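Okay, so here's the structure we're looking at.
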Amino acid sequence: MGKTITIDPVTRIEGHAKITLQTDNQGEVSAAYFHVTQFRGFEKFCEGRPFYEMPYIMERTCGICPVSHLLAAAKACDALLAVRVPPTAAKLRRILNLAQIIQSHALSFFYLSSPDLLLGMDSDPKDRNIFGVMKSKPELGRGGVQLRKFGQRVIETLAGKRIHPGWVVPGGVNAPLTQEKRDLILSWIPEVLEVTLKSLHWFKQNLENYREEIRTFANFPSLFMGLVTPDERVGYYDGKIRFTDSLGNIVADNLDPANYPEFLGEAVEPYTFTKFPYYKPMGYPEGMYRVGPLARLNLVDHCGTPLAQQEWVEFRSLERNAVLSSFHYHYARLIEILFCIEHIEEFLNEPDILSTHVRSTASLNNLEGVGASEAPRGTLIHHYRVDEQGLVIWANLIIATGHNNLAMNRGILQAARQFVRREKLTEGMLNRVEAVIRAFDPCLSCSTHAYGEMPLQIELRASDGALLDEIARTP
Amino acid sequence: MIRALILTCGNPLRGDDGVGLQIAHSLAVGICDPDTEIYSQQQWTPELAEAISRADLAIFVDASVAVAPGEVRAQPVSPDSSATDSGMTHTCSPSGLLALAQLLYGRTPDRSYLVTVGGQSFDHSDQLSEIARRAVPVAKERIKALLAGVSFPREEANSRTASS
């Protein structure tokens, strides 16, 4: 008799979701569904607003990665104005984006996932949180605090606020960088570089402890997608879209993000509010691809900064071709933190970084604009249409987490088949299924995230609805 | 070292929830002591523990639904490691932050206080209610007294309203 297991809510992710596992007559997990149970509606309620408000409306989508939405929205508005952003402004936007990636990755790795990595998947859930990490290994906790603080301080120093900043405007940024602020940010860099290298060292030393998770956490062939620059580096701020396969072959390259409807389809399913983007030429759901840190490090042939390059070489040597296990999103995140710190330092030392020419102005020149950049979790696309008065008449967002939706669902199924036994449910089983999702670091919404505050429950039900087994995590 | 750290939090788009930020803004104009730092954030997060560990005096300022609208209450707070057990990563309590400071950096301020202002309306608005607005100068006086070395006991006797 088939049964349904529900994990609701999924904890230590950004937003609200639940997981349903279906077992077949033999008791094996036969299907898995990742339900995003909240609805935001930003595309709809921005209709009628002036386009120049979009960066500040859209950044409210998220409290963790508002800078990503701010940038993608501003870039879509740049396209509406048909302006060329001054080079210094583009660099300042890039620094802001890199800082955002650092603080978001630090949150994901140290606050949300390090409890699993340090304390173990089967440890007491009461202690399996960042504070448990701080008690068990204070230097790791301090490192997480320091890196997140660094990212937030850079954002605040540049843009005035840590969360939901302004500063980025259509056409550039609204104020140049001062020498005092540049020197201040530069002074923080040696310490955070050291912290990152220590954290990487610790993580690599412990990889052997997670052999089973590496083998079963969304470890399968797929396409990878992301932005790549003309010099073959990851395009965190801009670039052309590249798809590669699990053998490392380039499937498609130099795709203009503005033409995304030509190569990206967006499917919907009745059990979730998250869309299922797919690579159109391969159809749905065969066109599954992954984005974000793991994908980005798989897409390119070099990393681009000295220390991150060394780590990237070691990372890519994990497998002959692309690194396929989604467990390694964690590893990739740490390497990206290193890259972002080094890259911020590079930009701050460029001779024109203090230039005061940081904004181009124009009237409305196009009635349609697309903006794309790499958010911490992957490629983010904002697409707006406006009327002759510049009022938004239509908007579409493809969020990084959405790109990974097909892969996350398949990853849950893979992990559940490995770890969930219907005869007896355990908290450790539950946590491993959740941990697959956590590896992707989905950002469903940041408005009400509070792990440990909500009850977590798995129910094992017969196909007639009868409750066969149940475990609950209480706050 | 920081002589005094004033930490305010709140959402300026949710009516009286933003009263702490309003107090911070008002204090920033009047306090010229370079050893006093004011942090205004939407939420208190674990990253603040480091700065807290370097302060001699920490004053947390927040809106509250637990006290009467317009009432200003100042009370000492102590580290409480149980306040960290919930694992909240987006927001922390003052006692949890003090515990974190002790845990991670081995030090807490000599004195720590929580100043709360009772809010009346937390609906969508960028304006304070009249009663919360009138409580702002009262809270400022309390904070200035704390900065001057005055201590407040834990009892409710130290609570005041804008009209008292």
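May I ask you to order A:73-86, B:33-46 by the average number of other C-beta atoms within 10 Å around their residues, highest value first?
Answer by packing, highest mean first, reads A:73-86, B:33-46.
Would you please give the FRET efficiency between A:Asn209 and A:Thr178, computed as 1/(1 + (r/R0)^6) with r the Cβ-Cβ distance and R0 = 51 Å, to the nearest 0.05?
Once the sixth-power term is evaluated, E becomes 0.65.
Suppose each label sits 7 Å from its Cα in the direction of the beta carbon; what would the A:Asp301-B:Asp80 distance come out to in nanometres?
The answer from the label model is 6.0 nm.
Identify all aspartates and glutamates with a Cα-Cα distance to A:Lys204 below 13 Å; exclude those on the same chain that are fewer than 8 residues away in sequence.
A:Glu311, A:Glu314
Compute the relative contact order of chain A as a whole-number percentage, counting only Cα pairs closer than 8 Å that sit 6 or more residues apart in sequence.
27 percent
Taking a ≥ b ≥ c as the square roots of the eigenvalues of the Cα gyration tensor of region A:275-378, is the shape rounded (a/c under 1.5), prolate (a/b larger than b/c) or oblate?
Working: a/c = 3.09, a/b = 1.16, b/c = 2.65.
Note, shape of region A:275-378 comes out oblate.
Quick one: what Rg and Dmax do you get for chain B from the alpha carbons, in Å?
Gyration radius and largest Cα-Cα distance of chain B: 14.8, 42 Å.
Just to be sure I understand the model, the point goes 7 Å from the Cα along the line to the Cβ. What's the resulting A:Glu388 to A:Phe220 distance in nm?
Label at A:Glu388, label at A:Phe220, 5.2 nm between them.
Residue by residue, what Karplus-based ³J(HN,Hα) values in Hz, rounded to whole numbers, does region B:136-146 have, using 6.51, -1.76 and 1.60 with θ = phi - 60° and x for Gly and Pro?
Per residue, the Karplus-derived 3J(HN,Hα) values read 4, x, 5, 5, 4, 4, 4, 5, 5, 5, 4 Hz.
Peptides B:48-61, A:264-277, A:230-243: what's the order by average Cβ count within 10 Å, highest mean first?
Those peptides, ordered most packed to least, come out B:48-61, A:230-243, A:264-277.
Could you name the aspartates and glutamates in cross-link range of A:Lys137, using Cα to Cα under 15 Å and dropping any fewer than eight places away on the same chain?
Counting by Cα, and skipping residues close in sequence, A:Lys137 has these aspartates and glutamates nearby: A:Asp116, A:Asp127.
Which three extents, in angstrom, do the Cα atoms of region A:134-273 have along their principal axes, listed largest first?
49, 45, 38
Among the lysines, select those whose C-alpha is under 17 Å from the C-alpha of A:Lys275, and discard any that sit fewer than 8 residues away in the same chain.
A:Lys18, A:Lys44
For A:Thr23, what residues show an amide H to amide H distance below 5 Å, using hydrogens built from the backbone and excluding near sequence neighbours?
For A:Thr23, whose amide H was placed from the backbone, the distant partners under 5 Å are A:Lys3, A:Thr4, A:Ile5, A:Ser30.
Taking a quarter of the surface of the Cα convex hull of region A:335-422, what do you get in nm²?
So the Cα hull casts an average projection of 10.3 nm².
From other protein chains only, count the Cβ atoms within 10 Å of every residue's Cβ in A:121-130, then give the mean.
For peptide A:121-130, the averaged partner shielding equals 2.
Taking all pairs of different Cα atoms in the protein assembly as shown, averaging 1/r and flipping that mean, what Kirkwood radius in angstroms comes out?
25.6 Å
Read-outs: derived from the displayed coordinates by stated rules, not from any lab. Note that the structure is predicted; figures quoted are calculated from it, not measured. Cβ atoms come from the backbone with ideal geometry, glycine included; neighbour counts cover every protein chain shown.
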